[in-house]
Amino acid sequence: MAALTLHPDRLFPPDEATRAIARRLYDRIASLPIISPHGHTNPVWFAENEPFENPAELLIIPDHYVFRMLMSAGVPLESLGIPPAGGRSTADPRAVWRIFAAHYHLFRGTPSRLWLDWVFYHVFGLRSRLDAATADHYYDVIDGRLKAPEFRPRALFEQFNIEVLTTTESPLDTLEHHASIRRSGWGGRILTAYRPDNVTNPESPGFQEAIRAFGAVTGQDVTTFSGYMQAHRIRRAFFRTMGATSTDHGHPDPFTTWLPAEAVEALYGRVTTGTVTPGDARLFRGHMLTEMAGLSAEDGMVMQLHAGVFRNHNPSLFARFGADKGADIPVAVDFVHALKPLLDQWGNDPRLTLILFTLDETTFSRELAPLAGHYPALRLGPPWWFLDSPDGMARFRAAATETAGFYNTVGFNDDTRAFLSIPARHDVARRADAAYLARLVAEHQIGEDEAEEIAHDLTYGLVKKAYQL
């Protein structure tokens, strides 16, 4: 039985002198509170504070990083407990766990391995490596501990030293779970973020029905574009009463435009009542990004744009299981031309903060860093999704820092559905930043005292400032 160990110098540079600097920098930030300003954990966990059901429900079924890798090896999603679209899974959770354990070797060299090993070691106290032979031992230990009070969601939130955690909801969400958390008197800060894709993207499933529901929930006449925009203002204000400081927009590309009023009204009529063409859908999304920037300048909510992904690339998988099942693939994007209409209107406005994320890392040095290094409204989000790995973070820092510096970035956010991975992900980011800064110190580009200040800002200060937390 192989031992599970976490080396204290993992992810630090191999040469001794630089590694020693990295270790000192990391030691100064390792215990700072976690700021998680954007993610997809379920607020019902913290509202009801019920025990997590079992190891598979907690660690496998919500984590598309995990099951996409297993699917690539030919493991059917049904056998992993992934429910069919609109249905429920009948898979035995212990059997799901055994399949996962037997394939755990697939994760060697991936960030998922780093995160999961951290959780196994630090959260559950496991000291043997996960494989087929230890699968039942793991399951029994984790399942037993999940029944204890100290492993309930609120207790884990406090144990992880999370200062604030933001979930993401659509404009149609009642935010009842956020209201319940507030009424409970618990001190944990669980905020929401306004994610309007289902009413701004005409190609999202059920778009026209969502528009009608949008009107009903706000009491607005959404048959007109002006009524539709007023509905956004109303819901954004409601989200702010629940602590929201940010909006989020997930688009295939960062295309923006600005259309005359008459053209917008005609376009709105077409996408809300007729057959939506790809051209009209893209035009409407592009116009709405510019409108959303204006609303953020108006009400002060930070705007996030996540672009550069082809979602639901596998049509048969989407038909059987629905969205967010690991079939999203990075694509090339153009920020320079795509964002110009929005930036022409709002790029110099001090009231707007627009945080950019992409899966196209070729844009880091060529486009994003020069844009953020010029426009006051722009900030760069951290490496996202497929790039939130130690090497991905190092490539981002090397590509972006020379032009945008550190202070046009916003630190780290984990953007995850996997609650227990949050501290693990932040630990990886802190180690990666310490390693990068240690190299700058060793090369005499900055002093170690400056590196300590930067490390603190990347871990804590920049994210609080950018997201107004």
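Checking the stated criteria, PRO252 turns out to be modelled with pLDDT under 95 and either under 21 Å from the mean Cα position of the chain (by Cα) or closer than 30 Å to LEU156 by Cα (or both).
Apart from one condition, ALA20 fits all of (1) under 20 Å from LEU126 (Cα atoms); (2) small (Gly, Ala, Ser); (3) open to solvent by less than 40 Å² (accessible area, probe 1.4 Å); (4) more than 26 Å from the chain's Cα centre (by Cα); the exception is (1). Residues that are open to solvent by less than 10 Å² (accessible area, probe 1.4 Å) and outside any loop (DSSP other than H, G, I, E, B) within segment 183-197 comprise just one, TYR194. Only residues that are part of a loop (DSSP other than H, G, I, E, B) and among the basic types (Lys, Arg) were counted in segment 366-392, giving 0.
Of the helices (runs of 4 or more DSSP H) lying entirely inside segment 53-148, the ones with 2 or more residues being open to solvent by 60 Å² or more (accessible area, probe 1.4 Å) are found at 64-72, 93-102, 135-146. Out of ASP414, ASP433, ASP449, one residue alone is part of a helix (DSSP H, G or I) and either closer than 24 Å to LEU6 by Cβ or not acidic (Asp, Glu) (or both). It is ASP433. The residue pairs whose first member lies in segment 335-354 and is more than 13 Å from MET301 (Cα to Cα) and touching a residue at least 12 places away in the same chain (Cβ under 8 Å), whose second member is of a type in the set (A, V, I, L, M, F, W, C) and open to solvent by 80 Å² or more (accessible area, probe 1.4 Å), and whose beta carbons are closer than 7 Å, counting only pairs six or more residues apart or on different chains, are PRO341/TRP258; GLN345/TRP258. Selection over segment 271-285 of residues that are farther than 14 Å from THR257 by Cβ, in contact (Cβ under 8 Å) with a residue 12 or more places away in the chain and either among the aromatic types (Phe, Trp, Tyr) or open to solvent by 50 Å² or more (accessible area, probe 1.4 Å) (or both) gives a count of 2.
Can you find even one residue in segment 456-468 that is more than 25 Å from PHE157 (Cβ to Cβ) and not in a loop (DSSP other than H, G, I, E, B)? Scanning segment 456-468, I find no residue that is more than 25 Å from PHE157 (Cβ to Cβ) and not in a loop (DSSP other than H, G, I, E, B), so the answer is no. Residues that are buried (at least 22 other Cβ atoms within 10 Å of the Cβ) and of a type outside the set (A, V, I, L, M) were ranked within segment 353-363; the one that is farthest from LEU462 (Cα to Cα) is THR363.
If the condition is being open to solvent by less than 20 Å² (accessible area, probe 1.4 Å) and not hydrophobic (A, V, I, L, M, F, W, C), then segment 244-270 contributes SER246, THR247, ASP248, HIS249, GLY250, HIS251, PRO254, THR256, TYR268. Scanning segment 203-226 for residues that are in a loop (DSSP other than H, G, I, E, B) and open to solvent by 80 Å² or more (accessible area, probe 1.4 Å), we see that the one that is farthest from PRO278 (Cα to Cα) is ASP221. Annotation note: of GLU163, GLU169, GLU176, the sole residue that is under 15 Å from the mean Cα position of the chain (by Cα), among the acidic types (Asp, Glu) and open to solvent by 10 Å² or more (accessible area, probe 1.4 Å) is GLU169.
Total residues in segment 386-407 satisfying the condition of being surrounded by fewer than 23 Cβ atoms within 10 Å (Cβ to Cβ), within 27 Å of THR41 (Cα to Cα) and either modelled with pLDDT under 95 or not charged (D, E, K, R) (or both): the figure is 6.
Selection of segment 76-95 for residues being over 26 Å from the mean Cα position of the chain (by Cα) and among the aliphatic types (A, V, I, L, M) yields ALA91, ALA95.
Would you call LEU295 farther than 30 Å from ILE82 by Cα, outside any loop (DSSP other than H, G, I, E, B), in contact (Cβ under 8 Å) with a residue 60 or more places away in the chain and in contact with a Ser or Thr (Cβ under 6 Å, 6 or more places away or on another chain)? Judged against the criteria, LEU295 is not a match. Number of residues in segment 443-460 that are closer than 19 Å to PHE396 by Cα and open to solvent by less than 60 Å² (accessible area, probe 1.4 Å): the value is 8.
The values are calculated or read from the model by the stated rules, or taken from the named source; none is laboratory data. Values in this document were obtained by computation on a predicted structure and should not be read as measured data. Please note: Cβ atoms are built from the backbone with ideal geometry, for glycine as well, and neighbour counts cover all protein chains shown. Side chains included, ligands, DNA and RNA excluded: accessible areas come from the protein's heavy atoms. Shrake-Rupley method; radii C 1.70, N 1.55, O 1.52, S 1.80 Å.
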